[in-house]
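J.: Have a look at this one before I ask anything.
The values are calculated or read from the model by the stated rules, or taken from the named source; none is laboratory data. From a predicted model like this one, the values you see are computed outputs, not experimental measurements. Positions of Cβ are backbone-derived with ideal geometry, glycine not excepted, and every protein chain shown enters the neighbour counts.
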């Protein structure tokens, strides 16, 4: 088994940026691994020549990425849980399994969401500025609010959203609402979540947390209409993907103070910089799609990704991580998997 790793794990001196991304697991299994020689926004087929698997952080994969290597490449393993940068149908057509590190991000992302909820509700940014600008006497005009007794609205209540609910239990929140067409009512009830339509959630929530994947169905899911339904004291937090919340609509709502504030780790076009409209606002926290990144998170993801590659090398399939289970029925994938089983 020859495993490639995307070049965006390295700095300009070709040194590993992160403490642990699971390479020791590959070494222990005797799996050869190396990094792509250069980072390209879209992985090209000539970069994957001779590879049986690739562990990838940010590059995109499309049909051209697999052109001519369909009989070699067995798996793309995403270092994370989002896969909007991967053409799933192209993977299946090429007989390539697409895996994500499902569950590995739950705790770190939940902590990040709560950090922003606390920072927003306790007006962290404003209170920091009071000291820096010598405005101590004004502190009584910047009262915050507790999470206790508040209502959380989840847009998407999958593994991250459901874990967030568990972590928040100690804060004494009053109610958890969720808009999630794929969550069964009995499962939601067991988690203490009340399923509602999106408009009702936007109207009734003190905090709206966006946790769903970016798909054709969720693109611009939250726009001007939905933001206008939010109470003026409410906050919106997006750690999912840019494009789910319409940025122009959110900018207008924040600029006009129609909602109290927001925080976003993701943008419609990345990377974003100081020229982004959000950078002109003082009632939004920004992060460069890394707010949940921790050493512990990357170790968990890396170990899970490496273990998936190890399973493939043994002719097995980590089905709990598989995004495109239909690939298992294709002759091309089966032939490649059989090769590793026999070797």
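J.: Would you be able to say whether some residue in the stretch 235-257 is surrounded by 19 or more Cβ atoms within 10 Å (Cβ to Cβ), touching a helix residue (DSSP H, G or I) at 6+ places or on another chain (Cβ under 7 Å) and within 24 Å of residue 59 (Cβ to Cβ)?
T.: yes
J.: Any chance you could count how many residues in the stretch 84-125 are touching a helix residue (DSSP H, G or I) at 6+ places or on another chain (Cβ under 8 Å) and part of a loop (DSSP other than H, G, I, E, B)?
T.: 10
J.: Let me ask something additional. Restricting attention to the stretch 169-189, and to residues there that are free of Cβ contacts under 8 Å to residues at least 12 places away in the same chain and in a helix (DSSP H, G or I), which single residue is surrounded by the fewest Cβ atoms within 10 Å (Cβ to Cβ)?
T.: 186
J.: For the structure I just gave you, tell me whether residue 155 is in contact with a helix residue (DSSP H, G or I) (Cβ under 8 Å, 6 or more places away or on another chain) and within 21 Å of residue 262 (Cα to Cα).
T.: So residue 155 fits the description; yes.
J.: Would it be correct to say that residue 180 is more than 15 Å from residue 239 (Cα to Cα), assigned by TED's automatic domain parsing to the domain that holds residue 266 and under 18 Å from the mean Cα position of the chain (by Cα)?
T.: On the way: more than 15 Å from residue 239 (Cα to Cα): yes; assigned by TED's automatic domain parsing to the domain that holds residue 266: yes; under 18 Å from the mean Cα position of the chain (by Cα): yes.
Here the answer is yes, as residue 180 does meet what is asked.
J.: Based on this model, can you work out whether residue 329 counts as in contact with a helix residue (DSSP H, G or I) (Cβ under 9 Å, 6 or more places away or on another chain), free of Cβ contacts under 8 Å to residues at least 60 places away in the same chain and surrounded by fewer than 15 Cβ atoms within 10 Å (Cβ to Cβ)? Explain how you work it out, then say what you get.
T.: Working: in contact with a helix residue (DSSP H, G or I) (Cβ under 9 Å, 6 or more places away or on another chain): no; free of Cβ contacts under 8 Å to residues at least 60 places away in the same chain: yes; surrounded by fewer than 15 Cβ atoms within 10 Å (Cβ to Cβ): yes.
Against the criterion (in contact with a helix residue (DSSP H, G or I) (Cβ under 9 Å, 6 or more places away or on another chain), free of Cβ contacts under 8 Å to residues at least 60 places away in the same chain and surrounded by fewer than 15 Cβ atoms within 10 Å (Cβ to Cβ)), residue 329 does not qualify.
J.: Which residues, taken from the stretch 133-152, are in a helix (DSSP H, G or I) and in contact with a helix residue (DSSP H, G or I) (Cβ under 8 Å, 6 or more places away or on another chain)?
T.: 136, 138, 139
J.: A follow-up question, please. Considering only residues that are out of contact with any strand residue (DSSP E or B) (no Cβ under 9 Å at 6 or more places or on another chain) and outside any helix (DSSP H, G or I), look in the stretch 307-339 and name the one that is nearest to residue 91 (Cα to Cα).
T.: The selected residue is 330.
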